[in-house]
Amino acid sequence: MHSTQLTKRHWLLIFTLTLLTFVLGTSEFMIVGILTDISSSLHITNAQAGTLVSAFAITFAIATPLVMSTTSHFPKRKWMLVLLGFFIVFNALCVISTNYVMLLVLRMMTAIVTGVLISLAMIVASETMPDNKRGLAISFVFGGFTMANVVGVPIGIVIAKSFGWNATFMLTTFLGALAFLISFFVLPSGLSQIRSSIRDQVSLLTNPRILMAFFIPALGFGATYTIFTYLVPILQGMEVPNQSVSLVLFAYGFISIFSNILAGKIASHNAIGRLRFVFLVQAIVLTSLFWTTNHFTLGLINIGFMSLMAIMLTTSTQLYLIDLAEIYQPKATGLAASLMPVASNVGIAFGSALGGIVYHQGNLMNVTWVGGIVAVCAALLTFISHRLDQKQKKVA
């Protein structure tokens, strides 16, 4: 694309891809709010119901790169529509699912479809936009995922309370059908198709620069989720009234929308250079929670800043992985595009597990400075990556 401005056609495509990630995110996150309804309805324990969330994340992380690497030569438009068709079918089957095993299998199938569709949405956004607008486009597409957490989860809870948990899957089925219809008319044909071998994919995944870039977002998300996983008990410790906890969580989600806007701005110029300092600020914000949560107002303001820092890394690291793949293994850019969503799931799993270990050692508030240390590790990796980029530019 030679133009440097976004046309109406560009904006329509951005809207479609953002709607798509919103629908996929709603389906992924909504289940968190309805776990207790599912466990009482299917006569299983809350811990068993919780595996519906962890199984989704693990399947997403393992299957996404595998499927992306084996389907890189598929025509993108047709493949995305086929996957959306599967998404609709799996969600419709969740509506009528009557036992835990059936629901678990359907959620794992949905996770595969979700991971691949999000990665494809990122590639399409990166490929079809003018170079100077790629960051903006990708931050919008990620924004759909963020909005799902803010809007999708509360809507799911309301529907489950009014009509039963099965009805929430009627909503995601309907949203999937809507996304399919709009995508059918808007997704462009003639997008890149690259036939690549397993060797190409393996060489990408074993490249030290790609591995380093992968662990930047994994540690960034890990830093936040070390604390975020235990935000409810932290709020209770701050004596936030029980009925207000959901309001604070909604505000947290709402602030993260601005984090997403800032992510696009950071990515627009010298992204990795800027990210080095973003992680250092994040480390200060997370560590300071150790003291500020002793004060009601200061604690809430600090939690707001934690949300503001939470996803500033997304757009930059997404583009960075695709750009590095274009240098080191051009035939595996599809796989590279899937690594950022995978890294975020790895980071979430790592952060919640680390937070759990620290929490069970005794003092809950120790999770704050442990999260801060993880953010410093992300900063260190980013400093090293940036240094290597500068060296490479000199050589070139």
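Any read-out appearing in this document is the output of simple, stated calculations on the displayed coordinates, not a laboratory observation. Worth saying up front: this structure is predicted, and the values here are computed from it rather than measured. FYI the Cβ positions are ideal-geometry reconstructions off the backbone, even for glycines, and counts take in every protein chain you see.
Here are the numbers:
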item: Residue (of THR317, ILE198, GLY372) at the positive-pole extreme of the chain, dipole from beta-carbon charges; result: ILE198
item: Quarter of Cα convex hull surface for the range 5-70, i.e. mean projection, nm²; result: 6.7 nm²
item: Burial order of peptide ranges 8-18, 114-124 (average beta-carbon count within 10 Å, highest first); result: 114-124, 8-18
item: Whole-percent pair-distance distribution, where bins are 5 Å wide, for the alpha carbons of the range 141-220; result: 3, 11, 10, 13, 13, 12, 16, 13, 7, 3, 0
item: Mean Cβ count within 10 Å, highest first, over the residues of peptides 103-111, 218-226, 325-333; result: 218-226, 103-111, 325-333
item: Net charge of neighbours whose Cβ lies under 10 Å from the Cβ of THR315, counting Lys and Arg as +1 and Asp and Glu as -1; result: +2
item: For the range 194-396: relative contact order, % (alpha-carbon pairs under 8 angstrom, 6 or more apart); result: 43 percent
item: Gap separating the Cα centres of the range 58-91 and the range 311-325, nearest whole Å; result: 21 Å
item: Stokes-Einstein diffusion coefficient of the chain, Kirkwood radius over Cα pairs, 37 °C, 0.692 mPa s, in µm²/s; result: 153 µm²/s
item: Cross-link table LYS133/LYS391; LYS76/LYS391; LYS133/LYS393; LYS8/LYS161; LYS331/LYS391; LYS76/LYS133, entries beyond 32 Å C-alpha to C-alpha; result: LYS76/LYS391; LYS8/LYS161
item: The chain - mean residue ellipticity at 222 nm from DSSP helices (-39,500 (n - 2.57) per run, n ≥ 4, rounded to 500); result: -28000 deg cm²/dmol
item: Computed over the chain: relative contact order in percent, which uses C-alpha pairs under 8 Å that are six or more apart; result: 26 percent
item: Protection proxy ranking, peptides 266-276, 382-392, average beta carbon neighbours within 10 Å, highest first; result: 266-276, 382-392
item: The range 223-260 versus the range 110-142: alpha-carbon centroid distance in Å; result: 28 Å
